[in-house]
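J.: Got a structure here, written out as structure tokens. Questions coming.
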Amino acid sequence: MSMKEYSMQELGSVLASMGISDYTSVDRYGSGHINDTFKVETKSGKRYILQRISDVFPADVLKSNILRITSHLQSKGVKTLEVVGYENPWRVYRFLEGYTSTDLVTSVEQAEFVAGAFAKFQNDLSDLPEPPLLTVLPRFHDTPDRIRLLDEAAAADVAGRKALVARELDFIERRRESASKVVDLMAAGAMPVRTTHNDTKINNVMLAPDGSNVVIDLDTTMPGSALYDFGDMVRTSSAAAAEDEKDLSKVYSKKEYFEALVKGYTSSAKFLVDAEKENLAFSARLITLTIGVRFLTDYLAGDTYFHTAYPDHNLVRCRTQLKMVESMEAQADEYEAIVRKYIG
Ligand code: ADP
Ligand code: GN1
Ligand code: MG
């Protein structure tokens, strides 16, 4: 989906309705694939993030979750997103001054730090008062269901692209059998359902030079598996190249970053049960495959879900994900040994 255009008049009236009338500029911001995000500068010097929440989300359910999560974290003194105004489908957050996000990890230290941040986020939400958060997007990380949706998109072939992706479909087909492992373990009760972030990609944590961090993009925080949070973090934070790198020879999972992620995550995520520990390395391959499946599904459906900047963008992203899976598979024994080193 290409980015929607908004008139300054529309953006201005949204801001005014939330009490912000002294804005001097409103510009597109960040590299998120779902919401329309803007940075707002004002005469007073205060800055804000304005977001048009994507229609993929059930607006009221999302708002209820976001307000519960942010107020719970604030009540514990944990720095989090500060809601300035929230009128569906728009919301305004205070700009996190001094924090930046990145699309790629650049050092072992940063990888360990990011992993600690996401593990702490899970700890911080583990005592969220009942009831559990609402499920914003059902079956969000259900890999067999994602493959089923891919099958449907390939059968319909509405964009006439199926013939171009035979290799990718075959790659996924060969992994279909192992795709249900995590959902089966959860259904069997062998793995706990926790409050998890569900979108732990590197640009969803904001970092400050003093070592502090804020976990952002709370839209998919809902009941889920810790394994997907660990795995999705590995997907982007162990990557040697961008999610949309076209030169696949540059795309692989860096072992030293993987080790730092395991170290950072397990030193804080003391809650993990055996079934989770045993599947940490596998979960990274599984969620990476799942995201590849989703990019390919969107490519076949004619780019209706993720923001895209050019016609083959989703296909390029799918290929990087499958290359990452291949790289993690090639290092599977080493990755399992690293996990054992840190959790025994
Ligand atoms: P999406 O769901 O589209 O990924 P995000 O909520 O992750 O949207 O926001 C997109 C980007 O905007 C983030 O990666 C981050 O760089 C930036 N961003 C989001 N919220 C803030 C904030 N409160 N302060 C500063 N930057 C932010
Ligand atoms: C989307 O919102 P953003 O860009 O942080 C997507 C994630 C994918 C990710 C792939 C709600 O995340 O599930 O893993 O793109 N978010 C939603 O980069 O679908
Ligand atoms: Mg995001």
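J.: Just to check your reading of the model, which residue among Ala115, Ala111, Ala154, Ala166 is in contact with a Lys or Arg (Cβ under 6 Å, 6 or more places away or on another chain), more than 16 Å from ligand 3 (Cβ to nearest atom) and outside any loop (DSSP other than H, G, I, E, B)?
T.: It is Ala154.
J.: Just to verify a result, which residue in the stretch 29-57, among those that are away from ligand 3 (no atom under 14 Å from the Cβ) and of a type in the set (Asp, Glu), is surrounded by the most Cβ atoms within 10 Å (Cβ to Cβ)?
T.: Taking the candidates together, the pick is Glu41.
J.: If you don't mind, another one. Given (1) closer than 30 Å to Thr266 by Cα; (2) among the β-branched types (Val, Ile, Thr); (3) within 15 Å of ligand 2 (Cβ to nearest atom); (4) without any contact (Cβ under 8 Å) to a residue 24 or more places away in the chain, identify the lone condition not met by Val105.
T.: Checking Val105 against (1) closer than 30 Å to Thr266 by Cα; (2) among the β-branched types (Val, Ile, Thr); (3) within 15 Å of ligand 2 (Cβ to nearest atom); (4) without any contact (Cβ under 8 Å) to a residue 24 or more places away in the chain, the one that fails is (4).
Residues checked against (1) in contact (Cβ under 8 Å) with a residue 40 or more places away in the chain; (2) within 14 Å of ligand 3 (Cβ to nearest atom); (3) over 20 Å from Ser7 (Cβ atoms):
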site: Asp22; (1), (2), (3): no, no, no
site: Ile69; (1), (2), (3): yes, no, yes
site: Gly85; (1), (2), (3): yes, no, no
site: Phe95; (1), (2), (3): yes, no, yes
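J.: Further, regarding this structure: What pairs come out if I take residues in the stretch 233-251 that are within 17 Å of Gln331 (Cβ to Cβ) and pair them with residues that are aromatic (Phe, Trp, Tyr) and not in a loop (DSSP other than H, G, I, E, B) whose C-beta lies under 6 Å away, six or more apart or interchain?
T.: Correct list of pairs: Met233/Phe118; Ser238/Tyr257; Ser238/Phe258.
J.: Would you mention how many residues in the stretch 58-69 are surrounded by fewer than 16 Cβ atoms within 10 Å (Cβ to Cβ) and touching a strand residue (DSSP E or B) at 6+ places or on another chain (Cβ under 8 Å)?
T.: Going through the stretch 58-69 one residue at a time, the tally reaches 1.
Bear in mind these aren't lab numbers, they're just calculated from the coordinates by the rules spelled out. As the structure is a prediction and not an experimental result, all values here were calculated from the model. Counting neighbours? That spans all protein chains shown, and the Cβs are built from the backbone with ideal geometry, glycine included.
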